[in-house]
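No lab work stands behind these numbers, since they all come straight from the coordinates. Just so it is clear, the structure is predicted and the values come from calculations on it, not from any experiment. Neighbour counts run over all protein chains shown; Cβ positions are idealised from the backbone, glycine included.
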Amino acid sequence: MTRSHLTMEFSVSDLVAAVACAIGFGILYSILLAAYRLLFHPLSKYPGPLTAKVSGLYGAFYASRTTLHLRTWQDHVRYGPIVRHGPNKLVFNSIQALRSIYQNDRITKSRSYLVSQRAPGIYGLFNAVDKTIHQKKRRLVGQPLSDKSLRAFEPVMIGQIDIFIQQLLRSCRTKGRDAVPINMTNQSKYLTMDVMGYLAFGYPLNLQTEATNRVMAHSTANFFFNIGLQLPFLGSFRVWTLRSLRSLIRGKRYLQSLEKVIIQRLAEGQHVKHDLLFMSDSLRVSEDNQVWLDEIRSEAIWFLIAGSDTTSTTLSALFFYLTRNPDCYQRLAREIRSTFSDGSEIYSGPRLASCSYLRACIDETLRMSPALPGTLWREKAAGVSPSEPLVIDGRIIPEGTQLGVNTYALLHNEEYFPSPFTFKPERWLDPESNQASREAFAPFSLGSRSCLGKSMAYLEVSLVMAKTLLQLDFDEAPGVRGAHLTRLSEKELGKGTERVKEFQMYDMFAAAHDGPFLKFRPAGEDIKTLYTVVEEHDHE
C-alpha cells in the first residue's frame, strides 16, 4: 500500500472519529444542559411542560401551529397561575401580575422583539427596547392619534365607513339574484386599512372599491415573527414550506406596496396636517434623510398593521358573535334604532356614548377574541441594580428571566370571568359589580407601552356597528361556505378549536382569522330608498 493511500485512509478515519466525538459531546452537552435546567436552574421549582423547561422549541412549535394562545391557556388550567414556558420564561395569569409587570418602571420590553428590526440601528415603536427611544417614538406616533387629531380625522373615517355600508348594500338580494355572502374578515380589513391609509399618509388606498392595493390587506400576517419571538435565533432562518414561501412572497409584496405609497405621499408635501408622515417630519431627530426614511418605513409597517389588523379582528369577531347570539343581536339593534333615526346622526358624542349595550358588546368581543392573544414578554430593565429584587405575585424573579401575562388566558380565567367561553355582554353593564373582571380586562395592555390606538379602535368599531345595524340586518350565510369557518377540527389546529360559538383565531402575534360569511338585507324603508339609489348607480 502506498504512502498516499495510507494518508487518505488515516484522514478518513480521523474525520469519522472527529465527527463521532463532536456528536458525542453534543449529546452529552444536551443531556447535561437539560439536567441543569430541570434540577438546578433558578426557575426549576416552577411547574410547566417538561419540554418547555428544557428548550424554547416548545413555544416555537406551538407558534408555528398558530395555537400558542390556546396552549398557554391549557397550560394554566393544568399547572396553575404561574407556568414556566421556556428555560428562562415565566407566564402569569393574575391581576396582580398584570399590574406588577406592565406598570413597572423597572421592567422593559424583552430583547426578543428585536427580531422585528428592519435594519441594524433602525427602531420602531414596536421594537424599541430602550425607554428613551421608545418615548420619542411614542410621542411621534401619538400625535395623529391624539384626541384633537382624531376629532379632525373623524369625517374622513366616517366617509370610509359609508363606503363600507354601500358595499354591504350592493351584496343584498335584488330581483335578479340572491344576497351575496360577504367574508367579513376581508371586508373589515379593506375598511380599516383604507382608514389607516388616510391617517398614516393622507393617501387613498381604495381597498374597498379597487383590487389594486388589496395585497396589502392579505400580507400583514407574519408567520415567522411569532416563532422568532419564542426562540430569537430562529428569526433569521426560513423554513422552506409552502406556507413559509407564501408568507415571504406576500410580505415582499406588502413592503413594495408600502414603499410606493410612502414615495407618493412624500412627493405631495405637508398638506395633510394630521397624518403620520407630517408628524414624523415635524418631530424628526435625524438629519440623514435615508435614516429618517428607514425609520418612517419601519414605523409605517407597524402603524398600518396595529391600526388595521387589530380593529378588523374586533369587527369580524363582533359580527360573528352577534349572529351566533340572537338575543344579543336583537337587544343591540333595538338600542341603535331607538337612539338614531338617520345615519348622519351617528358620530362621536353623547348619543353614541349613551349606547351602553354597544360598548358592552365591543368589550365582550375584545375579551373573547383579543386581537393580540399572546404573551407580551418583558424583562428587567438595564441599569436596575441586582440588589433590588423584582417581586411578581409574591415571587422573587431571578435575573435574566423573561416574564409576561398571556392576554387570551387571562381574559378566559374563570376566576375573573365566570363562564369564560360564553358571549355575555351583560357582564359589563353594571359598573359596580365584579370589580375583578374590570381589573383583569386589559386587551390593549397597560402602562407606558399600552396601545396608543385604543380610543380610535373603540370609535371606529362603534361607528361601524351603529351605522350597520341602523341600516341593515344580517345573519350567517347558509351552506358550507358560511359554516365551515365556525368549526375547525382539533386535527387541523389542536385542542381548543372545537368550540363552535367561539371566533377562531390563528395566533401570529396579531390574530389572523377568516370569516364569518354573512348575508345582509335592508332593515327599513329609509335604507330601501338608499338601496334603490345604490342599485340604480350600479346599472349606470
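Couple of notes before you dig in:
- On the principal axes of its alpha carbon atoms, the range 380-481 extends 62, 38, 29 Å, with the longest extent given first.
- For F441, no residue whose modelled amide H falls within less than 5 Å of its own remains once neighbours fewer than 5 places apart on the same chain are excluded.
- Distance from the alpha carbon centroid of the range 333-373 to that of the range 12-69 works out to 50 angstrom.
- Neighbourhood net charge (13 Å Cβ-Cβ; Lys/Arg +1, Asp/Glu -1) for G86: +3
- Linear extension gain, E432 paired with R170, 0.36 nm per residue minus alpha-carbon span: 89.9 nm
- Point-to-point label distance, D473-R177, nm (Cα→Cβ direction, 7 Å offset): 2.3 nm
- For the range 20-155, the tally of Lys pairs with Cα-Cα distances below 28 Å comes to 14, considering only residues 8 or more apart or on different chains.
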